[in-house]
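Q: Quick one: the structure is below, and I'll ask about it shortly.
The values are calculated or read from the model by the stated rules, or taken from the named source; none is laboratory data. Since the model is a prediction, treat every value here as computed from it, not as a measurement. Positions of Cβ are generated from backbone atoms using ideal geometry, with glycine treated the same way; all protein chains shown enter the neighbour counts. Areas reflect the complete protein model, heavy atoms only, side chains present, ligands, DNA and RNA absent. Shrake-Rupley method; radii C 1.70, N 1.55, O 1.52, S 1.80 Å.
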Amino acid sequence: MEDVTLEWLDAHSHHHEDFAAADLVERLTAKGETVSVVIPARNEAETVGDVVSVLRRELVEDTPLVTELVVIDSDSTDASARVAADAGATVHRSAEIAPHLGSHPGKGEALWKSLFVTTGDHLVFVDADLTSWGPHFVTGLVGALTVDPATQLVKGWYDRVLDVDGQEPSTEGGRVTELVARPVLDLWWPELAGVVQPLAGEWAVRRSLMESITVPTGYGVEIATLIDTHARHGLEAIAQVDLGARAHRHQKDHDLAVMAAELLAVVHARCHGTTGSIDVAAQELQQFTRDGGWRPRPVPFAQRPPAREQTGYPGGRR
């Protein structure tokens, strides 16, 4: 690991216990700054209600750290939107936000379109499928983002608990992180090798940065934001915070393969100095299964809308 990375690791790694919600409220109030929590959701009716209700109780009502608690529903076919609203979130359907810009459903679009329906100076993103977590995820991220005015982006890191029905929980989660994201960074962006969880779904960013960068509409949003922040503002603009342990809904290898493919497409674009359209679905990526005998039969990944890059934030704050 490079010396500059080791120095960064010591100076820019925090722990959630270093920050208390009440202290953060006092700090932000003095600066006139606000926090918006954004939860992207797609078919997460089983878990999104708990995520919303805990954050609303702890960080909106009991300690007013969070000014806006917003769920961006990305074409859910279950009751995610209703459950989130009943739990106390303001819910927006991504396709209905800035419809003149079109709709390319995916996590990145949900996060990018949150700029149109939030006003906070600091944005905190929290996944909707969490099963083991706590409100300290938000306090830790906000604390690490605001303790140093040079910090633009904070990634959460944690033990990734793999929680599968019928099996003992283990810390062997984060398969795409360890098999794809971290090797990619080690090879092409070695200064970022100290970022423990480059694909963490829990992260915080200053609105000014989020308004200025190019955002992929799919799964590549996290690594794209990390690489682009480093390219524009340097390693000193990035920090990370230890959030303890995290568990979420287990994803099948099929879904992880799609995630990995979109991630690699984003990386490929940045290696070649471009951030143009990314059409993973058009590549007809294959998986294999048996078809009544020994011969493997290729099966295309489930068809997804093409992942594209949405550039910056068109217009002033809403």
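Q: Checking L145 against (1) over 14 Å from I39 (Cα atoms); (2) open to solvent by 10 Å² or more (accessible area, probe 1.4 Å), which test does it fail?
A: All conditions are met except number (2).
Q: Given the conditions (1) in contact with a Leu (Cβ under 7 Å, 6 or more places away or on another chain); (2) open to solvent by less than 10 Å² (accessible area, probe 1.4 Å), report the number of the one that V60 does not fulfil.
A: (2)
Q: Among the residues of region 14-33, what is the count of those that are touching an Asp or Glu at 6+ places or on another chain (Cβ under 9 Å) and within 26 Å of D129 (Cβ to Cβ)?
A: Adding up the residues that qualify gives 5.
Q: Taking the condition of being open to solvent by 10 Å² or more (accessible area, probe 1.4 Å) and either at pLDDT 95 or above or over 15 Å from the mean Cα position of the chain (by Cα) (or both), how many residues in region 200-221 meet it?
A: Total satisfying the criteria: 4.
Q: Here is a follow-up. L9 is checked against (1) within 20 Å of V205 (Cα to Cα); (2) touching a helix residue (DSSP H, G or I) at 6+ places or on another chain (Cβ under 6 Å); (3) at pLDDT 95 or above and fails just one. What number does that condition carry?
A: (3) is the only condition that L9 fails.
Q: Is region 93-108 home to any residue that is open to solvent by 20 Å² or more (accessible area, probe 1.4 Å) and closer than 29 Å to P149 by Cα?
A: Yes, region 93-108 has at least one match.
Q: Still on this structure, please answer the following. Working only within region 70-107, note down all residues that are over 24 Å from L55 (Cα atoms) and not in a loop (DSSP other than H, G, I, E, B).
A: The answer is A95, E96, P99, H100, L101.
Q: Among the numbered criteria (1) surrounded by fewer than 24 Cβ atoms within 10 Å (Cβ to Cβ); (2) touching a helix residue (DSSP H, G or I) at 6+ places or on another chain (Cβ under 6 Å), which one does T139 miss?
A: Condition not satisfied by T139: (1).
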